[in-house]
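Student: Handing you this structure, nothing more for now.
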Amino acid sequence: MLKSLLTVAGLCLLSMAGIVTFSMLGREFFLLPIPDDLLLVGLLMVGVIALPAAIVERDDGHIAVTVATQWCPPRWRLACDIFGKTLMLLFFGGISSAVALSLPYEFTSGAYLDGELEIPTWPAKTVFCVGFVAFS
């Protein structure tokens with residue numbers, strides 16, 4: 001499942017690049033940019049950031065501040081690691097649950113973002129929720 005999240009994040013990144021490229025070319029040569037291009041790129045950024053977070057955490061690829069703990073004995077380092085992961089779980093788990101609880105309203109309200117395309121808000125929030133639930 002985590003590899004598929006990484007694949008979707010990569011597709012989001014490629015889509016962002018395509019939107020920016022084609023919008024710029026359309027604006028430059030045809031005076032027709034892609035409508036709401038900046039909004040679309042911002043929404044795709046949610047997938048680029050939230051979806052691969054679980055793989056980064058699993059592989060210990062995240063940025064960690066170890067200046068204070070590198071001189072500690074191994075037992076202390078383990079205790080600090082457990083403490084840090086517990087805090088991370090509480091913080092990101094809380095954010096994930098808050099977003100998950102708001103999703104039914106997003107589906108039923110019909111809320112959308114201002115712009116020519118009137119993009120609904122629920123897809124970006126769903127992607128964020130899936131990414132951070134997997135991360136937690």
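The values are calculated or read from the model by the stated rules, or taken from the named source; none is laboratory data. Since this is a predicted model, take the numbers as computed values, not measurements. Because the Cβ atoms are built from the backbone with ideal geometry, glycine has one as well, and the counts that use them run over all protein chains shown.
Student: Restrict the check to segment 115-124 and report whether at least one residue is hydroxyl-bearing (Ser, Thr, Tyr), surrounded by 15 or more Cβ atoms within 10 Å (Cβ to Cβ) and not in a helix (DSSP H, G or I).
Tutor: Checked segment 115-124: at least one residue is hydroxyl-bearing (Ser, Thr, Tyr), surrounded by 15 or more Cβ atoms within 10 Å (Cβ to Cβ) and not in a helix (DSSP H, G or I).
Student: For residue 21, all conditions in the list (1) assigned to a helix (DSSP H, G or I); (2) among the β-branched types (Val, Ile, Thr); (3) surrounded by 12 or more Cβ atoms within 10 Å (Cβ to Cβ) hold save one; what is the number of the exception?
Tutor: With (1) assigned to a helix (DSSP H, G or I); (2) among the β-branched types (Val, Ile, Thr); (3) surrounded by 12 or more Cβ atoms within 10 Å (Cβ to Cβ) applied to residue 21, the lone miss is (3).
Student: Further question: Could you run through segment 95-113 and say how many residues are farther than 19 Å from residue 43 by Cβ and either touching a strand residue (DSSP E or B) at 6+ places or on another chain (Cβ under 8 Å) or surrounded by 12 or more Cβ atoms within 10 Å (Cβ to Cβ) (or both)?
Tutor: Matching residues across segment 95-113 total 1.
Student: Does residue 55 satisfy being part of a loop (DSSP other than H, G, I, E, B), of a type in the set (A, V, I, L, M), within 25 Å of residue 17 (Cβ to Cβ) and at pLDDT below 90?
Tutor: no
Student: Go through 38, 6, 44, 11 for me and flag whichever is assigned to a helix (DSSP H, G or I) and surrounded by 18 or more Cβ atoms within 10 Å (Cβ to Cβ).
Tutor: 44
Student: Name the residue, out of 128, 92, 83, 135, that is of a type in the set (A, V, I, L, M, F, W, C), more than 25 Å from residue 15 (Cβ to Cβ) and under 13 Å from the mean Cα position of the chain (by Cα).
Tutor: The conditions single out 92.
Student: Another question about this same structure. Suppose we filter segment 71-114 for residues that are out of contact with any helix residue (DSSP H, G or I) (no Cβ under 8 Å at 6 or more places or on another chain) and not in a helix (DSSP H, G or I); how many remain?
Tutor: Summing the residues that are out of contact with any helix residue (DSSP H, G or I) (no Cβ under 8 Å at 6 or more places or on another chain) and not in a helix (DSSP H, G or I) in segment 71-114 gives 5.
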